[in-house]
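Remarks on the structure that follows.
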Amino acid sequence: MPAEVTLRAYRAGRAREFGVVWLALAVLFGQDELRRGHGSARWVVSAVIAATCAAVYCWALRPQVAEEVLGVQVRNPLRTVMVPWVGLRDVTVSDVVVLHTEAGQVRCYALPHGRPRPDRPGAAGMLVPATRPQRLRPASSVAEEAAAALRSSHQNLRSGAAQAQVVTGWATDSLVVLAVAGVGLLASLATLVH
């Protein structure tokens, strides 16, 4: 591996922050409901909280794009894809960062590309005098910078990769978390019937 290459990992910053805050609040609400709740309703509320935590894990905390020596590992909510540097053809940005391979496209949900935002905080939706034109910042410069960094790593590391086959698999951690939350929700709802 060339000495000047630094391997990086990218995550959706705001989504991750939301996920951590949601999990902290869910722990507080869940323990309060278990302590103060009555009857089977407390189990239903606790199961709903657990189900939302499972969804937050899958869609806010799990997504990641990681540069590795042999390629790029893309962890989307329900799938994990390993794209070798040799198999990577191009990196573009649409609504997310897209890796183009011989086998098709891999969308990276950890790097969303938002709409252009106002240059100053609080300017969205506010009336601005016509004498002051509103400048827009580039949309999601993080996604553009990540795409540029992936292109650079591709140029530096593609000769060292051995295979060009894209490997795709289910995210077993997400599937297990969602299945356990679903079973808990169904079991708690069954307590209401009796």
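Quick check on A149: is it under 27 Å from R8 (Cβ atoms), touching a strand residue (DSSP E or B) at 6+ places or on another chain (Cβ under 9 Å) and at pLDDT below 65? No: the conditions fail for A149. What residue, among those in the range 66-107 that are free of Cβ contacts under 8 Å to residues at least 40 places away in the same chain and under 17 Å from Y10 (Cβ atoms), is farthest from the chain's Cα centre (by Cα)? If we take residues in the range 66-107 being free of Cβ contacts under 8 Å to residues at least 40 places away in the same chain and under 17 Å from Y10 (Cβ atoms), then S94 is farthest from the chain's Cα centre (by Cα).
Being closer than 25 Å to D173 by Cα, modelled with pLDDT under 90, outside any strand (DSSP E or B) and not hydroxyl-bearing (S, T, Y) is the requirement here; does R14 meet it?
In short, yes.
From the list A55, A66, the lone residue that is in a strand (DSSP E or B) and closer than 27 Å to V176 by Cβ is A66. Within the span defined as the range 17-24, one or more residues are loosely packed, with under 15 Cβ neighbours inside 10 Å and of a type in the set (G, A, S). Residue count for the range 93-103 satisfying the condition of being modelled with pLDDT of 90 or more and loosely packed, with under 15 Cβ neighbours inside 10 Å: 0.
A search for C-beta distances below 8 Å between a residue of the range 175-194 that is closer than 9 Å to A54 by Cβ and in contact (Cβ under 8 Å) with a residue 60 or more places away in the chain and any residue that is surrounded by 14 or more Cβ atoms within 10 Å (Cβ to Cβ) and aromatic (F, W, Y), counting only pairs 6+ apart in sequence or on different chains, returns V177/Y57.
Across the range 27-62, the number of residues qualifying as under 17 Å from L189 (Cβ atoms) and of a type in the set (D, E, K, R) comes to 2.
The values are calculated or read from the model by the stated rules, or taken from the named source; none is laboratory data. A quick note: this is a predicted structure, and the numbers were derived from the prediction, not measured. Because the Cβ atoms are built from the backbone with ideal geometry, glycine has one as well, and the counts that use them run over all protein chains shown.
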